[in-house]
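Here the structure is laid out as structure tokens; the discussion comes afterwards.
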Amino acid sequence: MNNSDNAVRTPGADYDAIVVGAGFGGLYAVHKLRNELGLKVKAYENAGDVGGTWYWNRYPGALSDTESYVYRFSFDKELLQQGAWKNQYLTQPEILSYLGEVADRFDLRRSYTFNTSMESARFDEQTNLWHVTTDAGETVSARNLVTGLGLMSAINKPDFKGVDNFQGQLMHTGRWPEGTDLQGKRVGVIGTGSTGQQVIVATAPVAAHLTVFQRSAQYNVPIGNHPQSAEEIAEIKSNYDAIWEQVRNSALAFGFEESTIPAMSVSAGERERVFQEAWDIGGGFRFMFGTFSDITTDEAANNAACEFVRKKIRELVDDPVTAEKLCPTDLYAKRPLCAHKYFEVYNRDNVSLVNVRDNPIEEITAKGLRTADGVEHELDVLIFATGFEAVDGNYTKIHVAGRGGETLREKWKDGPTGYLGMMEAGFPNLFMILGPFGPFTSLPPSIEAQVEWISDTIKRNYKEEVAAFDVKPAVQEAWQARCIEVAHNTLFPKADSWIFSANIPGKPNTVMFFFEGLASYRQALAQSKESNYAGFNSQPLRRTT
Ligand code: NA7
């Protein structure tokens with residue numbers, strides 16, 4: 001196909017749509033808008049190639065914890081049948097290569113300028129166009145601005161005292177320098193979230209010594225990764241229609257059946273059996289949502305899961321003092337984690353665990369890191385696995401100005417707002433893939449749902465000659481209220497994590513997700529279309545005033 005020369009359909013604009021980002025979201029948006037709707041599209045990506053999250057997070061051990069067969073696009077049946085994978089989970093290089101194949105298949109790179117960031121975006125109320133300025137100094141205009149900036153891409157790099165003094169190599173996992181060799185090095189890792197645990201498992205066998213600086217102990221279950229045979233994969237491929245039907249009608253979109261059985265409705269013995277079975281199969285989301293229906297809503301159910309994992313930690317870790325340091329005591333209500341033999345790492349002679357909640361990091365020194373007890377931990381490499389400023393982090397770092405010149409940074413100073421995880425009142429024709437108040441799920445199926453809604457909506461807006469498409473503030477407020485109510489019916493707000501911005505010092509702890517699940521979210525998207533977008537102001541192309 002060759003749609004590079006689609007004629008612009010927006011009077012007075014350079015393009016019909018500007019797409020920012022080349023991860024799952026941005027790539028699919030370019031395909032839908034350029035190849036299917038025939039719009040004139042320009043895309044920017046600050047990395048050197050496609051991949052999004054998977055371009056930047058090249059740290060050792062990086063892996064998706066959604067199973068390979070559903071960690072991909074579902075919209076193209078031929079692409080699904082061509083899919084090749086070896087193991088139950090995909091590594092970062094495999095995902096990057098998959099996204100490269102998608103870009104090739106749909107000839108997407110041609111629309112992109114790489115190594116170029118959107119520096120600012122301004123909505124002009126007279127023309128109803130967005131004006132986007134890049135860090136290369138180019139300014140272009142378009143009716144629609146579609147951003148796929150990444151849910152987790154603005155890195156959180158704590159500003160420790162002396163951070164610039166370190167003479168060794170210091171890096172954040174989310175900006176991993178290619179070619180880094182940890183073999184035989186004295187390595188320190190700050191952070192034991194999903195990323196930290198993966199990098200710890202991968203680094204322990206190769207480092208001369210690994211020191212883990214843990215602030216919060218975390219629940220972890222085995223991932224259970226294993227090779228998948230050609231027969232298993234063929235069976236999956238022959239069932240894809242039913243598989244995606246199940247995924248789209250589930251809550252978490254991970255491909256497993258979510259439990260409908262409350263934990264306390266069964267005997268203690270049966271609970272133990274169910275937890276053990278899930279432990280043996282592996283998978284963090286499966287353990288949290290596939291065992292019982294109320295682990296994240298009922299404290300007694302939650303405590304039962306916590307007790308089970310703590311018992312496992314004490315069994316798996318030889319040194320009782322280390323085992324206790326690794327045992328979380330809070331609720332099991334953060335993003336559920338899984339890794340390959342994570343707790344067993346601490347039985348190795350070359351691994352030590354420092355509890356930096358009781359003994360905080362005081363200073364990064366030339367030679368390493370000094371904790372409050374005065375010990376200087378000497379290191380060759382210091383890895384920050386300290387996470388991200390999730391959801392709104394990228395939007396508040398750039399200048400995005402809507403009606404009246406108000407910026408997202410100003411509007412979101414007390415926490416982000418938004419509608420359907422894509423729209424923000426006062427910012428017409430801005431479509432944010434994985435924006436605030438979107439679904440909390442495995443991401444590719446939600447991204448597809450969003451990009452398809454965006455594409456359908458833009459198509460409708462051209463057909464109906466809508467120049468400015470903006471959610472009604474009251475409709476947005478009702479959606480946020482629904483999200484807040486649902487979130488507070490769960491235990492998630494009771495744990496401090498990035499899900500509520502609680503990982504960023506000084507940031508308000510706030511609801512940012514829709515916790516009703518993908519099926520319910522897709523219904524909301526369908527309803528908005530069926531009502532002919534009754535929740536939106538659709539300003540016609542020609543001004544009547
Ligand atoms: P997370 O889950 O936010 O984890 C970050 C880790 O870094 C966590 O253990 C934090 O401890 C720790 N941290 C952060 N700041 C500090 C300071 N100042 N001192 C010590 N320790 C600190 O990020 P990940 O990258 O692991 O995962 C994010 C998501 O990306 C993941 O869930 C996947 O969906 C993809 P804390 O727990 O806050 O005490």
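What number goes with the only condition from (1) within 25 Å of Ala495 (Cα to Cα); (2) in contact with a Leu (Cβ under 7 Å, 6 or more places away or on another chain); (3) at pLDDT 95 or above; (4) within 16 Å of the ligand (Cβ to nearest atom) that Arg335 does not pass?
With (1) within 25 Å of Ala495 (Cα to Cα); (2) in contact with a Leu (Cβ under 7 Å, 6 or more places away or on another chain); (3) at pLDDT 95 or above; (4) within 16 Å of the ligand (Cβ to nearest atom) applied to Arg335, the lone miss is (2).
Are any of the residues in the stretch 441-461 touching a helix residue (DSSP H, G or I) at 6+ places or on another chain (Cβ under 9 Å), within 16 Å of the ligand (Cβ to nearest atom) and either among the acidic types (Asp, Glu) or part of a loop (DSSP other than H, G, I, E, B) (or both)?
Checked against the condition, which is being touching a helix residue (DSSP H, G or I) at 6+ places or on another chain (Cβ under 9 Å), within 16 Å of the ligand (Cβ to nearest atom) and either among the acidic types (Asp, Glu) or part of a loop (DSSP other than H, G, I, E, B) (or both), the stretch 441-461 yields at least one hit.
Residue pairs, Cβ under 8 Å, 6 or more apart or interchain, first in the stretch 376-388 and at pLDDT 95 or above, second assigned to a loop (DSSP other than H, G, I, E, B) and of a type in the set (Lys, Arg). List them.
Glu376/Lys367; Glu378/Lys367; Leu379/Lys367; Asp380/Lys185; Val381/Lys185; Phe384/Lys157; Thr386/Lys157
Has the stretch 510-526 got at least one residue that is open to solvent by 50 Å² or more (accessible area, probe 1.4 Å) and touching a Gly at 6+ places or on another chain (Cβ under 7 Å)?
Checking the stretch 510-526: not a single residue is open to solvent by 50 Å² or more (accessible area, probe 1.4 Å) and touching a Gly at 6+ places or on another chain (Cβ under 7 Å).
So which residues in the stretch 474-516 are within 16 Å of the ligand (Cβ to nearest atom), of a type in the set (D, E, K, R) and not in a helix (DSSP H, G or I)?
Answer for the stretch 474-516, where residues must be within 16 Å of the ligand (Cβ to nearest atom), of a type in the set (D, E, K, R) and not in a helix (DSSP H, G or I): Asp496, Lys507.
Filter the stretch 46-100 down to residues that are of a type in the set (Asp, Glu), touching a helix residue (DSSP H, G or I) at 6+ places or on another chain (Cβ under 7 Å) and away from the ligand (no atom under 14 Å from the Cβ), then give me how many there are.
1
Out of the residues in the stretch 316-332 that are within 15 Å of the ligand (Cβ to nearest atom) and open to solvent by 20 Å² or more (accessible area, probe 1.4 Å), state the one that is nearest to Gln197 (Cα to Cα).
Lys325
Go through the residues of the stretch 410-425 one by one and say whether even a single one is at pLDDT 95 or above, in a helix (DSSP H, G or I) and assigned by TED's automatic domain parsing to the domain that holds Arg34.
Yes.
Would you confirm whether or not the stretch 253-276 contains a residue that is under 27 Å from Ser352 (Cβ atoms) and either open to solvent by less than 10 Å² (accessible area, probe 1.4 Å) or within 16 Å of the ligand (Cβ to nearest atom) (or both)?
no
Counting just the residues of the stretch 376-402 that are of a type in the set (Gly, Ala, Ser) and farther than 30 Å from Thr139 by Cβ, which one comes out nearest to the ligand (Cβ to nearest atom)?
Selected residue: Gly387.
Counting only residues that are assigned to a strand (DSSP E or B) and either open to solvent by less than 50 Å² (accessible area, probe 1.4 Å) or on the phi > 0 side of the Ramachandran plot (or both), how many does the stretch 158-174 have?
Result for the stretch 158-174: 3.
Evaluate the following for Thr116: is it buried (at least 21 other Cβ atoms within 10 Å of the Cβ) and assigned by TED's automatic domain parsing to the domain that holds Leu443?
no
What number of residues in the stretch 338-366 are open to solvent by less than 40 Å² (accessible area, probe 1.4 Å), assigned to a strand (DSSP E or B) and within 13 Å of the ligand (Cβ to nearest atom)?
8
Among the residues of the stretch 123-157, write down those that are out of contact with any helix residue (DSSP H, G or I) (no Cβ under 7 Å at 6 or more places or on another chain), open to solvent by 40 Å² or more (accessible area, probe 1.4 Å) and within 16 Å of the ligand (Cβ to nearest atom).
Listed by number, the list holds a single entry, Lys157.
Take Arg215 and tell me if it is within 16 Å of the ligand (Cβ to nearest atom) and open to solvent by 40 Å² or more (accessible area, probe 1.4 Å).
In short, yes.
Conditions: (1) within 12 Å of the ligand (Cβ to nearest atom); (2) surrounded by 24 or more Cβ atoms within 10 Å (Cβ to Cβ). Phe431 meets all but one. Number of the miss?
Here Phe431 meets the rest and fails (1).
With respect to Thr66, is the statement that it is under 27 Å from Gly137 (Cα atoms), buried (at least 20 other Cβ atoms within 10 Å of the Cβ), of a type in the set (Ser, Thr, Tyr) and not assigned by TED's automatic domain parsing to the domain that holds Leu182 true?
No; evaluated as a whole, the condition is false for this residue.
Quick test of your reading of the structure: Leu108 fulfils all but one of (1) aliphatic (A, V, I, L, M); (2) in contact with a strand residue (DSSP E or B) (Cβ under 7 Å, 6 or more places away or on another chain); (3) open to solvent by less than 50 Å² (accessible area, probe 1.4 Å). Name the failing condition by number.
Against the list (1) aliphatic (A, V, I, L, M); (2) in contact with a strand residue (DSSP E or B) (Cβ under 7 Å, 6 or more places away or on another chain); (3) open to solvent by less than 50 Å² (accessible area, probe 1.4 Å), Leu108 comes up short only on (2).
The values are calculated or read from the model by the stated rules, or taken from the named source; none is laboratory data. Model, not experiment: these values are computed from the prediction. Reconstructed Cβ throughout: ideal geometry from the backbone, glycine too, with neighbour counts over all protein chains shown. For the accessible areas, the whole protein counts, side chains as well, though only heavy atoms, and no ligand, DNA or RNA atoms are used. Shrake-Rupley method; radii C 1.70, N 1.55, O 1.52, S 1.80 Å.
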